[in-house]
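Asks: First the structure, then my questions, so here it is.
The values are calculated or read from the model by the stated rules, or taken from the named source; none is laboratory data. In this text, all values refer to a predicted model and were calculated from it rather than measured experimentally. Cβ sites come from the backbone with ideal geometry, for glycine too, and all protein chains shown count toward neighbours. All accessible areas refer to the heavy atoms of the entire protein, side chains included, with ligands and DNA or RNA removed. Shrake-Rupley method; radii C 1.70, N 1.55, O 1.52, S 1.80 Å.
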Amino acid sequence: MNTINLPEKGQEATHHVRYTDLHCHILPGMDDGAADWDDAIAMAKNAVRSGAVRLVATPHVMRGVYSASPEDIKAKVAELNVRLQDSGVSLEVVPGSEIYLVSGTAREYRAGKLQAIGRSGYLLVELPALRLPDYARREIDRLLAAGAGVILAHPERNRDLCSSRDMLFELRESGVLFQVNAGSLIGVFGHEARDCAESLVKEGMAHFIGSDAHSGRPAAVTEVGADISAALRQVIRLSPSGPGFAALTEARVSRLLAGKL
Ligand SMILES: [Fe+2]
């Protein structure tokens, strides 16, 4: 049950939102995320502190750099879930990955080499930080044609996409969904990313929220860590009962994981 307490006059908003962190580098030894199991547990505790009940482990999959296989990801997630239970941390971790889009990503999907978010059939897809490469649209269309669902990771951090919002609407029209980073909403990636993220929330185009956390240590300037309370409050401020709020709720993620989105 989601509960929201809107601020009385002169009071800060408080919230208690049960949410799923759709984007988190919590698995140790797979990418530049958690340093070890202790770090992973610390990240999980941070996530729970801000209301996460579920978290999708999304190690980088990047040609020539990181190559987490579905088997390795699922094995590590299973181990993490056992360790969380043993540590008394109430958080369900679901396998996923963050797939850097290259020409050929759709072929790898068809070959069963990419880990979707749980059994949803949706892939979390990353674009280069600033540009929209020529192949991007074509490759996304190929993924969709192959039957994959596509969730674009932090589109607000892509300068081309945010400056040409037509492309964002076109992608949405073709069925692509968007995951906004908590850090973008509170300005850690600069004002352009923040403005774009806020617009997405207000327009109901921020379909999911993710921490994109890489560590349980105190957050660096460019990282909010897995405790995303400040970003949640910002979403509630921007869209207290409107479509933006749906990005935080468990209902949408539950439908996603059940393949009923
Ligand atoms: Fe990421």
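Asks: Longest exposed-loop-site-free stretch of the chain, with GluC sites (Glu not before Pro), DSSP loop and at most 16 other Cβ within 10 Å?
Replies: Longest site-free region, per DSSP loop and neighbour criteria: 13-202.
Asks: Beyond a 25 Å Cα-Cα separation, which of these cross-linked pairs lie in this structure: K45/K74; K76/K113; K45/K76; K74/K202; K45/K202?
Replies: Beyond 25 Å: K74/K202; K45/K202.
Asks: For V94, enumerate residues with amide H under 5 Å from its amide H, sequence gap 5+ or separate chain, H modeled in the peptide plane.
Replies: L55, V56, A57
Asks: No other cysteine beta carbon under 4.7 Å away is the test; run it over the chain and list who passes.
Replies: C24
Asks: Expressed as a whole number of Å, what is the distance separating the alpha-carbon centroids of region 40-67 and region 186-211?
Replies: Between the Cα centre of region 186-211 and that of region 40-67, the gap is 20 Å.
Asks: Enter the accessible area of M30 (Å², nearest 10), with the probe set to 1.4 Å and all protein chains included.
Replies: 30 Å²
Asks: Please compute the net charge surrounding I186, taking Lys and Arg as +1 and Asp and Glu as -1 over other residues with Cβ under 13 Å from its Cβ.
Replies: Spelling it out: positives minus negatives among the neighbours equals -3.
Asks: For Cα pairs less than 8 Å apart in space and 6+ apart in sequence, what is the mean separation divided by the residue count of region 18-257, i.e. the relative contact order in percent?
Replies: The normalised contact order for region 18-257 reaches 22 percent.
Asks: Can you list the residues, at least 5 places off or on another chain, whose amide H is less than 5 Å from the amide H of Y19, using H built in the peptide plane?
Replies: For Y19, the qualifying residues are A52, V53, R54.
Asks: Tabulate in residue order the Karplus-calculated ³J(HN,Hα) for region 128-142, using 6.51 cos²θ - 1.76 cosθ + 1.60 with θ = phi - 60°, rounded to whole Hz; enter x for Gly and Pro.
Replies: Taking θ as phi minus 60°, the curve returns x, 4, 10, 9, 10, x, 4, 6, 4, 4, 4, 5, 5, 4, 5 Hz for region 128-142.
Asks: Rounded to the nearest 0.05, what FRET efficiency do D32 and K260 give with R0 = 35 Å and r taken as the Cβ-Cβ distance? Could you check?
Replies: Step by step, r from the Cβ atoms, then E = 0.55.
Asks: Which of these, H60, H23, H191, has the largest mean-square fluctuation under a Gaussian network model of the chain (Cα springs below 10 Å)?
Replies: H191
Asks: Using the Kirkwood radius over C-alpha pairs as Rh, can you work out the diffusion coefficient of the chain via Stokes-Einstein at 37 °C, viscosity 0.692 mPa s, in µm² per second?
Replies: 180 µm²/s
Asks: Related question: I want the local charge near M62. Using Cβ-Cβ distances under 11 Å, sum +1 for each Lys or Arg and -1 for each Asp or Glu among the other residues.
Replies: Local charge sum for M62: -3.
Asks: Now for a separate question. Across the chain, where is the longest run that never hits trypsin sites (Lys or Arg not before Pro) in a DSSP loop with at most 10 other C-beta atoms within 10 Å?
Replies: Segment 10-259 is the longest.
Asks: In whole Hz, what ³J(HN,Hα) sequence does region 81-87 give by Karplus (6.51, -1.76, 1.60; θ = phi - 60°), x for Gly and Pro?
Replies: 4, 5, 5, 5, 4, 4, 8
Asks: Per DSSP H run of at least 4 residues, take -39500 (n - 2.57); add these up for the chain, divide by its residues and hand me the 222 nm value, nearest 500 deg cm²/dmol.
Replies: Counting only the DSSP helices, I get -11000 deg cm²/dmol.
Asks: Continuing with this model, one more query. Tell me, what is the per residue accessible area of region 180-237 in Å², probe radius 1.4 Å?
Replies: 36 Å²
Asks: Of all accessible surface on the chain at a 1.4 Å probe, what whole percent is carbon and sulfur?
Replies: On the chain, the fraction of accessible area on carbon and sulfur atoms equals 48 percent.
Asks: Among L130, L101, L114, which one shows the highest mean-square fluctuation when the chain is modelled as a Gaussian network with alpha-carbon springs under 10 Å?
Replies: L130
Asks: While we're on this one: For the pair A129 and D195, what calculated FRET efficiency results from E = 1/(1 + (r/R0)^6), where r is the Cβ-Cβ distance and R0 = 22 Å, to the nearest 0.05?
Replies: Approximately 0.85, to the nearest 0.05.
Asks: Output wanted: per-residue J couplings in Hz (rounded whole) for region 17-34, from phi through Karplus 6.51 cos²θ - 1.76 cosθ + 1.60, θ = phi - 60°, x for Gly and Pro.
Replies: Once rounded to whole Hz, the list reads 10, 8, 9, 10, 7, 7, 8, 7, 9, 9, 7, x, x, 10, 7, 8, x, 3.
Asks: Which one, G33, G96, G104, has the greatest fluctuation when you compute a Gaussian network model over the chain with C-alpha springs under 10 angstrom?
Replies: Greatest mean-square fluctuation among the candidates belongs to G104.
Asks: First measure r as the distance between the Cβ atoms of D166 and M62, then evaluate 1/(1 + (r/R0)^6) with R0 = 22 Å and state the FRET efficiency to the nearest 0.05.
Replies: Here the calculated transfer efficiency is 0.20.
Asks: In terms of modelled amide H atoms, which long-range or inter-chain residues lie less than 5 Å from the amide H of H60?
Replies: Amide H neighbours of H60: D32, E98.
Asks: Charges at C-beta only: +1 for Lys and Arg, -1 for Asp and Glu. How large is the resulting dipole of the chain about its Cα centre, in Debye rounded to 20?
Replies: Computed about the Cα centre, the dipole is about 580 debye.
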